[in-house]
Amino acid sequence: MKDSELIRGLAGNDISEEKLACTDCYVRPSLGLFIPVSDSSFLTEKRSFPSYLAAISFEQAADSTVHYSCRIISPDVVCTCDEGRHYYFILISKEFFEKRYLMYSDTLPSFKDKDFEMCSDILKALNTFAFEYSKGMMNSHITLDAQCEIITHWIIRSLFGETLDMRAVSADYSVARAQHYMEQHYGENITVAKLAELGYVSPSSLNRRFKKETGITPIEYLIEIRLAKAKLLLRRKNISVTEIAMRCGFGSSAHFSACFQSRTGISPSDYREKYSD
């Protein structure tokens, strides 16, 4: 198999060719993206790795929306997979990860299946990494190594709650202007008419452009911003849910809780219990 030596450097020398054949692998010496294609993958077994493992799992809810969750596990800590979920596994070499983690902290914690939230845009970065690896274009090793840096720093920042509100910004001026304004004024009463005025377009034109570019309406995007900001505040236990709702532009704590539950699959209080610093 291509790059089997790099794969074993990240995953361990005991991985069989049979198990590797059940996994899509995209690797560099410092980082690898592994996607199981069947339950026979080496990643679906109860085992440990010599690298740091970040696991992103996907689960379809009853309303057909897809929720994802992330957890990180230190080297040599045994991990298991939940049945009925699809996964992206990211293995980052111990030396590479720890050198970058110490840019953010003076100490290295031991992660034993620690849950954390990661910005969904990292999925675009991971898919770009897989695409670049598969194409094998000239000098791809340079761009792939650059992406390894970005992905690793995004994961570490996520562990500190620093990337929850990162989003790709549009190249369309009217859409980007609306995005910038909502990021800065999410706690205020914002209308599509106001956003359209900022971008010198009509409300209907902004709605059309915004949905074409992002897949959602400006108001849905605003709700996502408000929920991302609320998640950061929920990680701190010294602010009440009601105050968080008001700060983030929700009319009431009931409205906030309903939006949060419908879009994340858990209540604000459960989220606080799971992810609080």
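Nothing in this text is a laboratory measurement; each read-out follows from the coordinates by a stated rule. Note that the structure is a prediction, hence the values are computed from the model and not measured. All Cβ positions, even for glycine, are placed from backbone atoms using ideal geometry, and neighbour counts span all protein chains on display.
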### Share of alpha-carbon pairs per 5 Å distance bin for the range 135-219, given as whole %
3, 13, 18, 15, 12, 13, 12, 9, 5, 1
### Query
Where a ≥ b ≥ c are the square roots of the eigenvalues of the C-alpha gyration tensor, would you call the range 4-157 rounded, which needs a/c under 1.5, or, failing that, prolate if a/b is larger than b/c, or oblate?
rounded
### Query
Expressed in nm to one decimal, what extension gain is obtained for the pair Gln184 and Lys237 from 0.36 nm per residue of sequence separation less their Cα-Cα distance?
16.7 nm
### Query
How big is the charge dipole of the chain about its Cα centre, in debye rounded to the nearest 20, if each Lys and Arg gets +1 on its Cβ and each Asp and Glu gets -1 on its Cβ?
720 debye
### Query
Which value in deg cm²/dmol, rounded to the nearest 500, describes the helix-derived mean residue ellipticity at 222 nm for the chain, given -39,500 (n - 2.57) per DSSP H run of n ≥ 4 and division by the residue count?
-14000 deg cm²/dmol
### Query
Can you give me the Cα centroid spacing of the range 98-177 and the range 240-277 in angstrom?
26 Å
### Query
So what's the range 77-141 giving for Rg/Rh, alpha carbon basis, Kirkwood Rh from the mean inverse pair distance?
1.01
### Query
Residues with beta-carbon under 13 Å from that of Pro203, excluding Pro203: net charge, scoring Lys, Arg +1 and Asp, Glu -1?
+3
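What chymotrypsin sites (Phe, Trp or Tyr not before Pro) does the range 177-259 have in DSSP loop regions with at most 13 other beta carbons within 10 Å?
Tyr200
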### Query
Given that just one value was derived from the coordinates, which of [x] 132; [y] 117; [z] 148 is volume of the Cα convex hull per residue in Å³?
[z]
### Gyration tensor (Cα) of the range 173-275, equivalent ellipsoid semi-axes in angstrom
28, 13, 11
### Query
Just how large is the dipole of the range 173-275 about the Cα centre, in debye to the nearest 20, putting +1 at every Lys and Arg Cβ and -1 at every Asp and Glu Cβ?
200 debye
### Message
If neighbour count is taken as other Cβ atoms inside 10 Å, put Glu188, Glu98, Glu132 in order from fewest to most.
### Response
Glu188, Glu98, Glu132
